[in-house]
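Novice: This is the structure I want to talk about, given as structure tokens.
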Amino acid sequence: MRIKFRTGMQQKFLDLVIANANSPSLRGLMQFGLKINYQTLKSYYNENRTLPEDFFNDLLILAKTDRRSVKVKLLKENWGQAKGGKRSWKGKRKVGRK
């Protein structure tokens with residue numbers, strides 16, 4: 001599953017994690033044993049990508065917050081692929097063909 005925040009809220013959530021973990025910066029979160037590349041972490045911070053559920057749960061533990069206190073939407077793992085497939089079909093359809 002993927003975790004989708006409202007616009008601007010994913011960055012605020014990561015700021016909350018940084019503050020509650022007493023980390024000096026986003027790069028400082030790496031010292032807590034997160035098994036993720038820094039560039040990917042920046043993509044999550046800039047809201048270019050949705051968060052994976054297991055990584056989101058790790059961040060909740062770091063932030064010492066409850067999952068119910070954060071408003072998120074759960075998406076299927078192939079959410080982006082399904083959305084892209086539906087959009088590409090509309091562009092390839094031939095008009096007026098019998």
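Novice: Exactly one of (1) among the charged types (D, E, K, R); (2) modelled with pLDDT of 90 or more; (3) not in a loop (DSSP other than H, G, I, E, B) is unmet by Lys83. Its number?
Specialist: (2)
Novice: Quick one: which residue in Lys76, Lys64 is on the phi > 0 side of the Ramachandran plot, exposed (fewer than 13 other Cβ atoms within 10 Å of the Cβ), touching a residue at least 40 places away in the same chain (Cβ under 8 Å) and not β-branched (Val, Ile, Thr)? Don't jump to the end; show me each part of the working.
Specialist: On the way: Lys76 fails: on the phi > 0 side of the Ramachandran plot.
Sole residue among the options that is on the phi > 0 side of the Ramachandran plot, exposed (fewer than 13 other Cβ atoms within 10 Å of the Cβ), touching a residue at least 40 places away in the same chain (Cβ under 8 Å) and not β-branched (Val, Ile, Thr): Lys64.
Novice: Further question: Could you please find all residues in region 17-26 being out of contact with any Leu (no Cβ under 8 Å at 6 or more places or on another chain) and either in a loop (DSSP other than H, G, I, E, B) or under 28 Å from Asn78 (Cα atoms) (or both)?
Specialist: As a first pass, look at region 17-26 and keep what is out of contact with any Leu (no Cβ under 8 Å at 6 or more places or on another chain): 19, 22, 24-25.
Selection gives Asn22, Pro24, Ser25.
Novice: Within region 58-80, track down each residue that is in contact with a helix residue (DSSP H, G or I) (Cβ under 8 Å, 6 or more places away or on another chain) and in a helix (DSSP H, G or I). Explain how you work it out, then say what you get.
Specialist: So in region 58-80, the residues in contact with a helix residue (DSSP H, G or I) (Cβ under 8 Å, 6 or more places away or on another chain) come out as 59-60, 62-67, 70-72, 74, 76.
Result: Leu59, Leu60, Leu62, Ala63, Arg67.
Novice: Any residue in region 48-61 that's under 11 Å from Met1 (Cα atoms) and surrounded by 15 or more Cβ atoms within 10 Å (Cβ to Cβ): show its pairings with residues that are among the aromatic types (Phe, Trp, Tyr) and modelled with pLDDT under 90 at Cβ separation under 8 Å, as long as the two are six or more apart or on different chains.
Specialist: Close Cβ pairs satisfying both conditions: Thr50/Trp79.
Novice: Conditions: (1) surrounded by 15 or more Cβ atoms within 10 Å (Cβ to Cβ); (2) over 22 Å from Leu75 (Cβ atoms); (3) aliphatic (A, V, I, L, M). Ile3 meets all but one. Number of the miss?
Specialist: Failing condition for Ile3: (2).
Novice: Continuing with the same structure: Within region 27-53, take every residue that is in a loop (DSSP other than H, G, I, E, B) and closer than 17 Å to Ala63 by Cβ and give me the one that is modelled with the highest pLDDT.
Specialist: First, pick out the residues of region 27-53 that are in a loop (DSSP other than H, G, I, E, B): 33-37, 46-50.
Then drop every residue that is not closer than 17 Å to Ala63 by Cβ, which leaves 33-34, 36.
Working: Gly33: 84, Leu34: 84, Ile36: 89.
Only one residue tops the list, namely Ile36.
Novice: Got at least one residue in region 6-15 being modelled with pLDDT of 90 or more, under 15 Å from Leu60 (Cα atoms), aliphatic (A, V, I, L, M) and not in a loop (DSSP other than H, G, I, E, B)?
Specialist: So in region 6-15, the residues modelled with pLDDT of 90 or more come out as 6-15.
In the following step, the residues that additionally are under 15 Å from Leu60 (Cα atoms) were identified as 9-15.
Filter again for aliphatic (A, V, I, L, M), leaving 9, 14.
When the remaining residues are screened for being not in a loop (DSSP other than H, G, I, E, B), the result is 9, 14.
Within region 6-15, one or more residues are modelled with pLDDT of 90 or more, under 15 Å from Leu60 (Cα atoms), aliphatic (A, V, I, L, M) and not in a loop (DSSP other than H, G, I, E, B).
The values are calculated or read from the model by the stated rules, or taken from the named source; none is laboratory data. Worth saying up front: this structure is predicted, and the values here are computed from it rather than measured. Ideal geometry is used to build each Cβ from the backbone, glycine not excepted, and the neighbour counts take in all protein chains shown.
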